Amino acid sequence: MSSRTLAASYVVAALCGAVALSLGSVVAGEHVPTGLDQAFESGVADVFGGSWVLSVLVAPTEPWAVLPVLGVVAVAGVVRRRPDLTALAVSAPAVAVGLNTVVLKPWFGRYYDDHLAYPSGHTVSLVATVTVVALSVSTTRTRVLTVVVGVVLTGCAAVGMAGLGYHYVTDVVGGAATAVAVTLGMAPPVRAAVTSGFRTGPRRRGPVP
C-alpha cells in the first residue's frame with residue numbers, strides 16, 4: 001500500500017468517525033425522531049405503506065446475506081495469496097459490529113421504541129462488508145462500482161428499516177459512517193501485521209550437529 005493510499009484511508013476513516021460521533025452527539029439519549037427522521041418515515045409510508053417490498057430492501061443487511069460475501073472474499077484472499085484480505089474479511093466486520101453493539105449503542109443511548117438504535121447494527125454489518133469488498137478488488141473501476149452498489153443497497157436498507165420500524169434514517173447514516181471508519185482504519189494495520197508475519201515467519205533450524 002502506497003503512502004498516499006495509506007494516508008487517504010486514514011483521512012476517510014477519520015472523517016467518517018467524526019460524522020458518526022457528531023451525529024451521535026446530536027441524538028444521544030433521545031427517544032424521539034429528529035425532523036429528518038420524521039420526514040423520511042413519512043415519505044416511506046406514503047410510497048410503500050406496509051408493502052412486502054420493505055422486507056426485501058432490508059434483506060442485504062441480514063447475516064445470511066453478508067456472511068457468504070465475506071466468505072468469498074476470505075477464500076479469494078487465500079487463492080490470490082493475499083492473507084491480509086482474508087484477515088480483513090474475517091476481522092473488520094466482526095470488530096465493527098462488536099464495537100457498535102457493546103460500546104457505541106449503550107454510549108449514545110438513542111432509542112427507537114424499546115431498543116437501542118444508534119448506530120444501526122444492520123447498517124454496520126452491510127457497509128463493513130461492502131467496504132471489505134471494495135478493498136479486495138483490483139481495479140479502480142470495479143472499486144467505484146462496488147461503492148456505488150453499496151450506496152444503493154444502504155439507501156434501500158434505510159427505506160426498509162424506516163418503513164418496518166427498525167431504525168431512524170439517522171441511525172443508518174451513523175451506522176454507515178461507523179462501518180467505514182472501523183474497516184478503513186483497520187485495513188492498513190491488518191495488512192502490515194499479516195505481511196510482516198509472513199515475511200518474518202519462523203526460521204528453519206539447521207541440522208543439529
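The values are calculated or read from the model by the stated rules, or taken from the named source; none is laboratory data. Note that the structure is a prediction, hence the values are computed from the model and not measured. FYI the Cβ positions are ideal-geometry reconstructions off the backbone, even for glycines, and counts take in every protein chain you see. The protein model used for the area step is the full one, side chains on, heavy atoms only, and it has no ligands, DNA or RNA in it. Shrake-Rupley method; radii C 1.70, N 1.55, O 1.52, S 1.80 Å.
Checked against (1) among the hydroxyl-bearing types (Ser, Thr, Tyr); (2) over 18 Å from the mean Cα position of the chain (by Cα); (3) within 24 Å of residue 100 (Cβ to Cβ), residue 10 passes all but a single condition, namely (2).
Yes/no per residue for (1) closer than 25 Å to residue 152 by Cβ; (2) crowded, with 21+ Cβ neighbours inside 10 Å; (3) of a type in the set (S, T, N, Q); (4) touching a Lys or Arg at 6+ places or on another chain (Cβ under 6 Å):
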| residue | (1), (2), (3), (4) |
| --- | --- |
| 66 | yes, yes, no, no |
| 81 | no, no, no, no |
| 87 | no, no, no, no |
| 100 | yes, yes, yes, no |
| 113 | no, no, no, no |
| 117 | yes, yes, no, yes |
| 125 | yes, yes, yes, no |
| 129 | yes, yes, yes, no |
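Just so you know, in region 27-43 the residues that are hydrophobic (A, V, I, L, M, F, W, C) and free of Cβ contacts under 8 Å to residues at least 60 places away in the same chain include one that is most open to solvent (accessible area, probe 1.4 Å), and it is 32.
Which of the residues spanning region 149-170 are assigned to a loop (DSSP other than H, G, I, E, B) and free of Cβ contacts under 8 Å to residues at least 40 places away in the same chain?
Step one: list which residues in region 149-170 are assigned to a loop (DSSP other than H, G, I, E, B), which gives 165-168.
Hits for region 149-170: nothing passes.
For the structure I just gave you, tell me whether residue 163 is modelled with pLDDT of 95 or more, within 30 Å of residue 43 (Cβ to Cβ), within 15 Å of the chain's Cα centre (by Cα) and not hydroxyl-bearing (Ser, Thr, Tyr).
Numbers: modelled with pLDDT of 95 or more: yes; within 30 Å of residue 43 (Cβ to Cβ): yes; within 15 Å of the chain's Cα centre (by Cα): no; not hydroxyl-bearing (Ser, Thr, Tyr): yes.
In short, no.
Only one of the numbered conditions (1) in contact with a helix residue (DSSP H, G or I) (Cβ under 9 Å, 6 or more places away or on another chain); (2) open to solvent by less than 60 Å² (accessible area, probe 1.4 Å) is not met by residue 47, and that is (2).
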